Amino acid sequence: MNRMTQACIMIFFGAAVLHASVTDLYLRYVKEGLRPFLIAASLLLIAAAVMTLWYELRPAADVSEDQSDPTGETRREGAEQHPSGSTADAVHDEHAHHEPRVAWLLLLPALGLLLVTPPALGSYAAGQAGTALTARQDDDYDYPPLPAGDPATITVFDYAARALFDKGRSIGNRRVQLTGFITPGPDGQPILARMILSCCAADGRPVKLGIAGNAPSGLAGDTWIQVTGRYSDRVTRDPINDEEIPYIEVETWRQVTAPKDPYE
């Protein structure tokens with residue numbers, strides 16, 4: 001491709017990234033905190049493309065001036081190489097560079113961002129990976145108090161860590177409220193899960209909770225629910241990585257729509 005085509009594709013690609021960044025689409029790919037970097041990167045792409053277009057489309061007179069020596073005399077190298085054409089034609093030929101054909105592949109992610117809305121990682125991904133809670137906390141680690149309110153709204157990861165590594169001491173007898181999606185457990189019983197990200201969806205890992213008490217039944221995988229319950233000392237093992245999965249004693253639950261940001 002030539003430079004003008006390259007610049008147009010860069011503008012298209014930068015606009016696609018910018019569109020994803022100013023909407024919630026980017027949350028399907030990366031963590032929420034990376035939005036400023038995505039916006040900055042897309043604006044940089046667009047600025048580079050605009051500068052490339054300006055450089056290629058500026059008048060021939062401006063190009064000739066750029067090729068002048070410090071005394072104001074126009075260099076004749078181009079004319080010597082192109083005796084049948086003008087200096088401006090020679091300069092134009094000098095700038096008619098072509099980029100590798102592989103550059104056309106840049107269209108694919110741009111079209112993907114604009115035309116395809118991928119689903120968030122869910123039940124299938126959770127079933128293919130072991131629970132993320134594999135690191136052991138120090139016994140003397142002090143968990144902060146639960147948020148105010150009854151029930152206390154916390155994340156699936158926060159409850160699982162307190163249940164496993166703190167043995168529920170920081171939860172006590174308080175009621176907690178969690179939101180996650182349903183995924184089938186190893187014994188066919190429903191598991192409450194939530195995917196956590198370190199950076200982007202490529203490194204997403206599930207946090208899993210067994211459901212005791214008033215457990216939902218008959219729900220399909222990837223159904224989002226909000227449960228209210230209390231700490232349970234019951235645990236099971238994840239057959240994928242043999243790590244412990246804590247339980248929550250559910251008192252009530254209700255089906256909810258998927259949150260704007262599906263990851264923790």
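The values are calculated or read from the model by the stated rules, or taken from the named source; none is laboratory data. Not measured: the values here are computed from a predicted model. So basically every Cβ, Gly included, is an ideal-geometry build from the backbone, and we count neighbours across all protein chains shown. Only protein heavy atoms, including side chains, enter the accessible area calculation; ligands, DNA and RNA are left aside. Shrake-Rupley method; radii C 1.70, N 1.55, O 1.52, S 1.80 Å.
How far apart, in nanometres, would the label points at T252 and Y141 be if each is projected 7 angstrom from Cα along the Cα-to-Cβ direction?
3.2
For the stretch 179-185, take each phi angle, set θ = phi - 60°, evaluate the Karplus expression 6.51 cos²θ - 1.76 cosθ + 1.60, and give the result in whole Hz per residue in order, putting x for glycine and proline.
Residue by residue, the stretch 179-185 yields 10, x, 10, 7, 9, x, x Hz.
Can you pull the accessible area of D142 for me, 1.4 Å probe, Å² to the nearest 10?
Rounded to the nearest 10, the figure is 130 Å².
What is the gain in length, in nm to one decimal, between R237 and R174 on full extension, counting 0.36 nm per residue of separation less the C-alpha to C-alpha distance?
20.2 nm
Given H placed on each backbone N at 1.01 Å, which residues far from G185 in sequence or on other chains put an amide H within less than 5 Å of it?
Those lying under 5 Å, H to H, from G185 are I191.
Using θ = phi - 60° and the Karplus curve 6.51 cos²θ - 1.76 cosθ + 1.60, what whole-Hz ³J(HN,Hα) does each residue of the stretch 105-119 get, with Gly and Pro shown as x?
Values per residue, Gly and Pro as x: 5, 5, 5, 5, x, 5, 5, x, 5, 8, 9, 10, 10, x, x Hz.
Calculate the spin-label point distance for L114 paired with L57, positioning each point 7 Å from the Cα along the beta-carbon direction, and give it in nanometres.
The answer from the label model is 1.7 nm.
Probe 1.4 Å, all protein chains in place: accessible area of W54 in Å², nearest 10?
150
Using amide H atoms built 1.01 Å from N in the peptide plane, name the residues 5+ places from G213, or on other chains, whose amide H lies under 5 Å from its own.
V250
I'd like the accessible area for R254, computed on protein heavy atoms only with a 1.4 Å probe and all protein chains in place. Round to 10 Å², please.
Here the accessible area works out near 130 Å².
Would you grab the residues whose amide H sits under 5 Å from the one on T223? Only those 5+ places off in sequence or on another chain, please, with H modelled 1.01 Å from N.
Those lying under 5 Å, H to H, from T223 are I182.
Going by the alpha-carbon gyration tensor, a ≥ b ≥ c the square roots of its eigenvalues, is the stretch 156-264 rounded (a/c under 1.5) or, if a/c is not under 1.5, prolate (a/b greater than b/c) versus oblate?
In terms of gyration-tensor shape, rounded.
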